[in-house]
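Quick note: the coordinates plus some simple rules give every number you see, no bench work behind them. Given the structure is predicted, the values throughout are model-derived calculations rather than measurements. As a convention, Cβ positions derive from the backbone with ideal geometry for all residues, glycine included, and neighbour counts pool all protein chains shown.
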Amino acid sequence: MRNIRLRIAYDGTDFCGWQIQKDLRTVQDSIKSAIRKMTLEEPKLIGAGRTDSGVHAVGQVANFLTQTNIPAGHLANGINAMVHDGISILHAEDVPLTFHSQFNAIRKRYRYLIDNSRRPFPFLRRFSYHARNRLDVDSMHSAAQILIGKHDFRAFETHYPNRASSVRTIEEITVRRYAGWPIWLPGMGTDAGHSDSLDPEGDYICIDVVADGFLYNMVRCISGTLLEVGRGKWGSSDVSQILLGQDRSTAGITAPAQGLFLMHVDYGQEI
């Protein structure tokens with residue numbers, strides 16, 4: 001028996017999310033179908049995160065058990081030849097049988113992309129939220145720092161409760177402007193990399209959030225709240241009150257799905 005780990009990118013526009021749903025097109029179902037055709041087995045494909053309808057991924061991770069002798073690289077090529085053209089298997093490798101894409105994940109990075117130009121760039125309509133009026137990014141970034149740490153994030157969760165606990169730990173959150181289209185660079189938005197791409201006059205804003213786990217629509221709710229800060233409606237004290245009040249109705253909108261990307265899943269030391 002082998003355990004194959006996949007690193008996956010996809011344009012979520014034409015999919016009803018990651019998880020298989022009856023009579024609906026999903027990323028998981030498309031990949032499972034391709035694996036089934038290649039291996040003649042019924043795979044159990046486990047994803048690191050269940051991205052919602054319209055949400056994209058640059059670094060989704062999934063794994064499945066198989067008895068096939070097909071090399072991992074050939075499996076990736078075969079899957080790519082058969083899946084929907086909005087999906088790409090970036091890498092495939094053998095990992096220990098104990099590896100589990102969901103349960104072994106230590107942290108995840110999500111990014112929300114805002115096109116803050118006066119006129120939206122047409123090629124980004126599927127991949128960003130357009131905010132026409134200039135946003136105050138410094139205020140957004142400052143307010144976002146209130147969310148760092150271990151908190152009950154139920155005010156930023158749609159349809160609470162969805163899990164046994166709404167307590168999560170945000171390790172890092174940044175709001176930065178860039179001159180270009182910084183979707184595919186996982187390090188952007190951190191102090192560690194790509195600082196030369198920062199541009200205080202740039203038209204593209206990235207909200208990067210790194211946490212040990214995420215609630216349903218958590219990043220989209222946080223982004224919707226920070227948008228109100230950027231518009232001058234709220235300040236840092238309002239975000240603090242929203243967090244402590246634990247009432248979803250007091251926070252901002254659930255920002256549209258097309259701006260959200262699962263960027264990276266961290267498993268600590270290489271397995």
request  = In vacuum, with every alpha carbon of segment 66-172 counted as one equal point scatterer, what does the Debye formula give for log10 I(q)/I(0) at q = 0.14, 0.15, 0.18 Å⁻¹? Two decimals, please.
outcome  = -0.99, -1.05, -1.11
key: Rg [Å, one decimal], Dmax [Å, integer] - segment 2-95, C-alpha atoms   = 12.0, 35
request  = Return the percentage of antiparallel bridges among DSSP beta bridges fully within segment 107-266, rounded to the nearest 5 %.
outcome  = 95
task = Please work out the Cα center distance from segment 238-271 to segment 87-106, rounded to the nearest Å.
result = 24
ask   = How many percent of DSSP beta bridges within the chain run antiparallel, rounded to 5?
value = 90
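Quick check on the chain: what does the Kirkwood estimate of hydrodynamic radius come out to from the alpha carbon pairs, in Å?
Details: mean 1/r = 0.0518 Å⁻¹.
Here the Kirkwood hydrodynamic radius works out to 19.3 Å.
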key: Distribution of pairwise C-alpha distances over segment 47-100, 10 Å bins, in %   = 20, 52, 27, 2
note = The computed P(r) of segment 107-266 puts the percent of Cα pairs beyond 20 Å at 45
request  = Rank by packing, highest mean first: peptides 115-126, 150-161, 218-229, with packing defined as the count of other Cβ atoms within 10 Å averaged across residues.
outcome  = 218-229, 150-161, 115-126
ask   = Could you give the radius of gyration (one decimal) and Dmax (whole number) of the Cα atoms in segment 196-254, in Å?
value = 12.9, 39
request  = Rounding to the nearest 20 debye, state how big the charge dipole of segment 107-266 is about its Cα centre with +1 on each Lys and Arg Cβ and -1 on each Asp and Glu Cβ.
outcome  = 600
key: MRE, 222 nm, helices only [DSSP H, n ≥ 4, -39500 (n - 2.57), over the chain, to nearest 500]   = -6000 deg cm²/dmol
